[in-house]
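Contents: one structure, followed by commentary.
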Amino acid sequence: MGISQSLEASTRAHGTGAGEEARSPAAVAAASRSVLAGLIGSGIQASRSPSLHEREGAEQGLRYIYKIIDIAALGLAPDALPELLTAARRFGFAGLNITHPCKQTVIPLLDTLSPDARALGAVNTVVFENGRAIGHNTDWSGFAESFRRELADVARGRVVQFGAGGAGAAVAHALLTLGVDRLTIIDTDAARAEELAAALGGRFGAGRAVAGADVADAVGAADGIVNTTPLGMVKYPGMPLAASLLQPRLWVADIVYFPLETELLRAARACGCRTMSGGGMAVFQAVGAFRLFAGVEPDAERMLRHFAAM
């Protein structure tokens, strides 16, 4: 019931009522270009995606509605995902963004994958098109663009990444694409880290990515570290390593963006590390998703300004 009520509310807000007042031809034309999209995940009430998408939609002359579908708030488990996707199709969603913990579990439910999503084994954007559900990944390009803008000149010899889930797969792909020589992946699930390292080795070459277990040794030899776990989110407080392991020579990136200053970034800045928050990745993955949902080119710089003003 919670699923249907949530999505029905979305479509009521999105639809056109028979009793609406007469509008100008220009207003009617703009309103006829409508997009209904949303975000599925857990603990996402603080997400800035609705405002980011809807504001850019308004700037583009679209009637754009973006709904939060928080499985935790709805009292649902990740196994409700098939029902959510079916309901979204029926209610006319153009597509959905997918976040923790569903970026990999959504894949078997889709009709096909883009080349990027297939290579990464993770989906953060689903587009409903001609009766098919198509999985895409805009996370990796979002992280890469943010890194190019904020950390373009940092050393990339050895990097430690915490997390080997769906977001971790995308960020690892981006880091190796950006020229990291050796990426050590550390995850609470050692087998998952090994699997991701092996997949990356197949695409980028043997030895470019390895699974690690000793955090202190890996960080001690690294130029930079990246957190791709949920640790640092409001719902998942904490950080993936002890603050005592941070050194001023390290650069530190976090993909969490609510809050923008995670415990990890706060500790890193206090230590004198150069840092990058998850805000840039959030914007640039949204740029890619907006393009897929709306079929028009978003203004990335305007979306950055809007995000910064939130």
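The values are calculated or read from the model by the stated rules, or taken from the named source; none is laboratory data. From a predicted model like this one, the values you see are computed outputs, not experimental measurements. Heads up, the Cβs are rebuilt from the backbone with ideal geometry, glycines too, and the neighbour counts pull from every protein chain shown. Calculation scope for accessible area: heavy atoms of the full protein, side chains included, ligands and nucleic acids excluded. Shrake-Rupley method; radii C 1.70, N 1.55, O 1.52, S 1.80 Å.
Peptides 273-279, 170-176 ranked from most to least packed, by the mean per-residue count of other Cβ atoms within 10 Å: 170-176, 273-279. For the stretch 88-105, the Karplus equation 6.51 cos²θ - 1.76 cosθ + 1.60, evaluated at θ = phi - 60°, returns couplings of 4, 4, 5, 8, x, 5, 6, x, 9, 8, 10, 10, 3, x, 10, 5, 9, 5 Hz by residue, with Gly and Pro reported as x. Our coupling estimate for the stretch 135-145, obtained by passing each phi through the Karplus curve with A = 6.51, B = -1.76, C = 1.60 and θ = phi - 60°, is x, 10, 10, 9, 5, 5, 5, x, 5, 4, 5 Hz, Gly and Pro reported as x. Less than 5 angstrom separates the built amide H of residue 61 from none of the residues sequence-distant by 5 or more or on a different chain.
Which translational diffusion coefficient, to the nearest whole µm²/s, is obtained for the chain from the Stokes-Einstein equation, given a Kirkwood hydrodynamic radius over C-alpha pairs, 10 °C and 1.306 mPa s? Answer from the Stokes-Einstein relation: 79 µm²/s. What the chain shows is 42 Å² of accessible area per residue, with the surface traced by a 1.4 Å probe over protein heavy atoms. Distant-in-sequence amide contacts of residue 211, defined by a placed amide H-H separation under 5 Å and a gap of 5 or more residues or a different chain, comprise 185.
Could you sort 105, 112 by their accessible area in this structure, using a 1.4 Å probe and putting the largest first? Don't jump to the answer; show the numbers that get you there.
On the way: 105 75, 112 40 Å².
Final ranking, largest accessible area leading: 105, 112.
The share of accessible area on the stretch 50-155 that comes from carbon and sulfur is 49 percent, using a 1.4 angstrom probe.
Taking θ as phi - 60° and the Karplus parameters 6.51, -1.76 and 1.60, the scalar couplings of the stretch 158-168 work out to 10, 10, 10, 10, 9, x, 10, x, x, 5, x Hz in sequence order, x denoting glycine and proline.
Scanning residues 5 or more positions from residue 113 or on other chains, those with amide H under 5 Å from its amide H are 135, with H placed 1.01 Å from N in the peptide plane.
Please report the antiparallel percentage of the DSSP beta bridges confined to the chain, to the nearest 5.
On the way: 9 of 43 bridges.
For the chain, the DSSP antiparallel bridge percentage is about 20.
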